[in-house]
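Contents: one structure, followed by commentary.
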Amino acid sequence: MAAPTISIRPLDLHDASAAEWAAFHEFRRIRHAESCRDEPLLPDAAVEASRRKRSPYWQHVGWAAWEDTGAGERIIGYIYTDLPDWNHPEMASNGHQMFVHGSVCKEFRRRGIGTSLLGKVGTLAAAAGRSLVTSTTEQEDGHAFLRHFGGEETMRYEENHLRLDQVDWEMVERWFATLPADLSLTTYADRVPMAAFERMLPAINAIVADIPRDRLSIPVIENSPSMIEDWYGRLGQRQGRHHMLALTDANGELAAMADLLWFPDTPDRAGHNLMGVRRDRRGQGLGKAIKAAALLHVRKSLPTVELMTTGNN
C-alpha cells in the first residue's frame, strides 16, 4: 500500500474557497474531539464570520498540511501566525515578534508534519525580521514539541469554571452590599458607548499592565479607541455582546471594573474578559464586590447562562 501523499500549502482563511472551508471545518471537528470534547464546538458560520474579517493591526498567515486520499484531499494539520503590524503605534513595541498556533491530527503525528509546518513559520519570521515566536499549548505532547525546538515555558494560564446553580447567592449578595458609598456603579449591556470607553481607557490600560506575566517577554499593548472599534467590529461578526460593570469615584475616575462576553452560539456560558481594581483602591474588597456585581448582572440579564468562565495568569 502506497504511503499517503502529503503536501503543505498556504491557506488564507480570509479568502478561503468553499471547499477549503469545508476541509478546515472537518479538521477542526477532529481536533476538537481529540483535545477539547468537553467544550462547545462553535458552529461553522460563527467560525467563518470571525476568521474572514481582517484586522488592520495584525497580519494573519496560515498553512495547511493536506493528505491526498486518492478520492480527494483532507487537512491533517494546520498552523497560523499573527504578526503585529509595527506601522501602527499601538503595536510598535511588539514589532519584533509573532504569535503562532497550530496542531496535527493525532494519527499523523511523529511523521515530521508539525516540523514542516513550523518550518514555514521560521522562514516567514526571518523574512519579516521577527526574532521572537510565542505559542501556547494545553497538552503534554505540545509541550514536548515546543521544548524540542528550544521553546521555554514563560507563563502558565488557567481557566476556571463556575456553575451558576452551585453559587451561594446569599454570599454574593453580601459581597455586593460591601460596595463603598463613595463609588458609583454603572452597568453597560451589549456595548459600551465609545465616549465612555475613551474616558475609561487610561485606567483600563493601567489595570491590564498589572496582569501577572511571569517571564513572558511581551510588552503590553495599550488599547486605543480605534482598536476598540476594530474589536467591536470583530465581536459583531459573531453577534457577541459586551457587558461592562464600572465602579467610579467622585471624580469620575475608574476604580474597578469587570467585563463579560456572551455569544448567541454558546448561550449557556459567559466569560470574563477582564476584571481588575485600580492600584490605590486595592485591599478594600472591591474585587469581591465587582465580581458579585457581575454575577448578579449575569443572573438577571443573561438568563440562559449556566456556566461562567474566567482565566488567570
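Here are some notes:
- Residues within the range 6-47 that are more than 17 Å from R109 (Cα to Cα) and either hydrophobic (A, V, I, L, M, F, W, C) or touching a Pro at 6+ places or on another chain (Cβ under 7 Å) (or both), tallied: 15
- Any hit, the range 72-84, residues being surrounded by 13 or more Cβ atoms within 10 Å (Cβ to Cβ) and assigned to a loop (DSSP other than H, G, I, E, B): no
- Some residue of the range 177-190 being out of contact with any strand residue (DSSP E or B) (no Cβ under 8 Å at 6 or more places or on another chain) and of a type in the set (D, E, K, R): yes
- Counting only residues that are out of contact with any Asp or Glu (no Cβ under 7 Å at 6 or more places or on another chain), open to solvent by 50 Å² or more (accessible area, probe 1.4 Å) and either on the phi > 0 side of the Ramachandran plot or in a loop (DSSP other than H, G, I, E, B) (or both), the range 176-209 holds 7 of them.
- Scanning the range 253-267 for residues that are open to solvent by 50 Å² or more (accessible area, probe 1.4 Å) and without any contact (Cβ under 8 Å) to a residue 40 or more places away in the chain yields a count of 2.
- Some residue of the range 161-179 being touching a Pro at 6+ places or on another chain (Cβ under 6 Å) and without any contact (Cβ under 8 Å) to a residue 60 or more places away in the chain: no
- Selection count where residues are farther than 14 Å from Q59 by Cα and part of a loop (DSSP other than H, G, I, E, B), scope the range 95-128: 5
- Count - residues of the range 285-307 that are open to solvent by 60 Å² or more (accessible area, probe 1.4 Å) and under 16 Å from H242 (Cβ atoms): 0
- Qualifying residue in the range 270-284 (condition: outside any strand (DSSP E or B), open to solvent by less than 60 Å² (accessible area, probe 1.4 Å) and more than 20 Å from P212 (Cα to Cα)): no
- Within the range 210-229, the set of residues being touching a helix residue (DSSP H, G or I) at 6+ places or on another chain (Cβ under 8 Å), outside any helix (DSSP H, G or I) and either within 14 Å of E90 (Cβ to Cβ) or among the aliphatic types (A, V, I, L, M) (or both) comprises I218, P219, V220, I221, E222, N223, S224.
- Any hit, the range 86-93, residues being open to solvent by 40 Å² or more (accessible area, probe 1.4 Å) and over 22 Å from R234 (Cα atoms): yes
- Search result, residues across the range 52-69 that are open to solvent by less than 70 Å² (accessible area, probe 1.4 Å) and of a type in the set (S, T, Y): S55, Y57
- So R163, is it modelled with pLDDT of 95 or more, on the phi < 0 side of the Ramachandran plot, under 23 Å from the mean Cα position of the chain (by Cα) and open to solvent by 70 Å² or more (accessible area, probe 1.4 Å): yes
- In the range 33-44, the condition of being touching an Asp or Glu at 6+ places or on another chain (Cβ under 9 Å), open to solvent by 50 Å² or more (accessible area, probe 1.4 Å), of a type in the set (D, E, K, R) and within 20 Å of H14 (Cβ to Cβ) is met by no residue.
- Lone unmet requirement of (1) open to solvent by 60 Å² or more (accessible area, probe 1.4 Å); (2) within 30 Å of S93 (Cα to Cα); (3) modelled with pLDDT of 95 or more for H243: (1)
- First in the range 5-27 and closer than 16 Å to I76 by Cβ, second anywhere and among the polar types (S, T, N, Q), Cβ under 8 Å, 6 or more apart: I8/S116
- Single residue of the range 132-155 satisfying the filter (surrounded by 11 or more Cβ atoms within 10 Å (Cβ to Cβ) and in a loop (DSSP other than H, G, I, E, B)) that is modelled with the lowest pLDDT: Q139
The values are calculated or read from the model by the stated rules, or taken from the named source; none is laboratory data. Since the model is a prediction, treat every value here as computed from it, not as a measurement. Because the Cβ atoms are built from the backbone with ideal geometry, glycine has one as well, and the counts that use them run over all protein chains shown. When the accessible area is computed, the model is the full protein with side chains, heavy atoms only, and any ligands, DNA or RNA have been set aside. Shrake-Rupley method; radii C 1.70, N 1.55, O 1.52, S 1.80 Å.
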